[in-house]
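The values are calculated or read from the model by the stated rules, or taken from the named source; none is laboratory data. These numbers come from a predicted model, not from an experiment. Virtual Cβ from ideal backbone geometry, glycine too; neighbours counted across all protein chains shown.
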Amino acid sequence: IDISNLNMFMIMRTLDSQENYYRPRVNVYHFQKEKAMTRELSNSMKIVFLSLLIILPLYSYSMAETANEEKEFFHKFFRVAGVESQYNQKLNAMARQFHQGFASGLKRQVGQVAVTNPAEKDMVMQLVKQTVGQYIKRMNAALVKEMPFKALVDHVYYPVYSKYFNVSELKEVIAFYESPAGRKFVSGTPALMQKTALIFNQKYVPKLQGLSKKIADEEWAKIKPQLDKLGKKGK
C-alpha cells in the first residue's frame with residue numbers, strides 16, 4: 001500500500017467530513033439571518049402602516065378644517081356684501097310669482113264649476129282663499145328648506161368665487177364692506193339699482209324697441225317679394 005496515497009485519502013475524508021459538518025450550520029445561519037431580516041422588514045412595514053393610519057386622518061382633518069375656514073370667510077363676505085339680503089328679496093319675489101301662478105290657475109279651474117247660488121259662491125270663494133293660504137304657507141317653507149342661503153353659498157357661489165379670490169383677497173374685500181363707506185355702498189345699492197333701471201327704461205327702452213321694429217320691418221321687406229313669388233308658384 002502506498003503510504004502517500006493513504007495519507008491523501010485520509011485528508012480528503014477529513015475535509016469532506018468537516019464540510020458536511022459545517023454545511024448544516026451555514027444553512028441554519030443563513031436561514032436564521034433571512035428570518036431575522038424578514039421579521040425586521042415586517043416590523044418596519046407595521047410601523048409604516050400604523051404611521052399612515054395616524055397621519056392620513058390627521059391630514060384629511062387638517063384639509064377639511066382649512067376648507068371649512070375658507071368657506072366661513074366666503075359666508076361672511078356674502079353677508080357683509082349684502083348678498084344674503086338680496087337672496088331674501090329674490091326668494092320673496094320668487095314666492096310671489098309662484099303664489100300668483102297658483103292663484104290664477106286655481107281661479108280658472110274654479111271658474112269652470114257651475115255655481116249660481118250666492119251661498120255656494122261664498123263657500124267656493126272661502127275654499128279658494130283657504131287653499132291659496134295653505135299653498136303660500138307650504139311653498140314658503142319648501143323654498144327655505146330646498147334653497148337655504150348656506151346651501152346656496154356652499155354649492156353655487158363658493159365653487160365659482162373660490163376660483164377667482166383667495167382668502168387673503170377676500171379679507172381685504174370684507175374689510176372694505178365693513179368700513180363706513182362699504183356699509184353705505186351695500187345699503188344704498190338696492191335704491192341705486194332701482195333708480196338707474198327706471199332711468200334706463202325711460203331713456204333707452206322705447207328707442208331700442210323702435211329700433212328693433214325698424215330693423216325687423218326692413219329685413220322683412222327684403223324677403224317678402226321672394227316669398228310672394230314662391231307663393232304664386234305653389235298655386
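For Leu143, work out the one condition from (1) more than 17 Å from Phe74 (Cα to Cα); (2) loosely packed, with under 14 Cβ neighbours inside 10 Å it doesn't fulfil.
So Leu143 meets the others, but not (2).
Residue by residue through segment 173-202, note down the ones that are among the basic types (Lys, Arg) and either surrounded by fewer than 10 Cβ atoms within 10 Å (Cβ to Cβ) or closer than 16 Å to Gln86 by Cβ (or both).
Arg183
Out of the residues in segment 142-164 meeting the condition of being without any contact (Cβ under 8 Å) to a residue 40 or more places away in the chain and closer than 18 Å to Phe98 by Cβ, tell me which one is farthest from the chain's Cα centre (by Cα).
Among residues in segment 142-164 that are without any contact (Cβ under 8 Å) to a residue 40 or more places away in the chain and closer than 18 Å to Phe98 by Cβ, the one farthest from the chain's Cα centre (by Cα) is Ala142.
Only one of Lys163, Lys232, Lys224, Lys129 is outside any helix (DSSP H, G or I) and either at pLDDT below 90 or exposed (fewer than 10 other Cβ atoms within 10 Å of the Cβ) (or both). Can you tell me which?
Sole residue among the options that is outside any helix (DSSP H, G or I) and either at pLDDT below 90 or exposed (fewer than 10 other Cβ atoms within 10 Å of the Cβ) (or both): Lys163.
If we keep just the residues of segment 94-119 that are modelled with pLDDT under 75 and surrounded by 10 or more Cβ atoms within 10 Å (Cβ to Cβ), which is nearest to the chain's Cα centre (by Cα)?
Among those residues, the one meeting the criterion is Val110.
Between residues in segment 178-195 that are touching a residue at least 12 places away in the same chain (Cβ under 8 Å) and residues that are surrounded by 12 or more Cβ atoms within 10 Å (Cβ to Cβ), which pairs lie under 6 Å by C-beta distance while being six or more apart or on different chains?
Pairs found: Glu178/Val80; Gly182/Phe176; Val186/Gly82.
With respect to Ser168, is the statement that it is polar (S, T, N, Q), closer than 19 Å to Phe74 by Cβ and within 18 Å of the chain's Cα centre (by Cα) true?
So Ser168 fails the test.
What do you reckon, is Lys213 surrounded by fewer than 11 Cβ atoms within 10 Å (Cβ to Cβ), on the phi < 0 side of the Ramachandran plot and assigned to a helix (DSSP H, G or I)?
Yes, satisfied.
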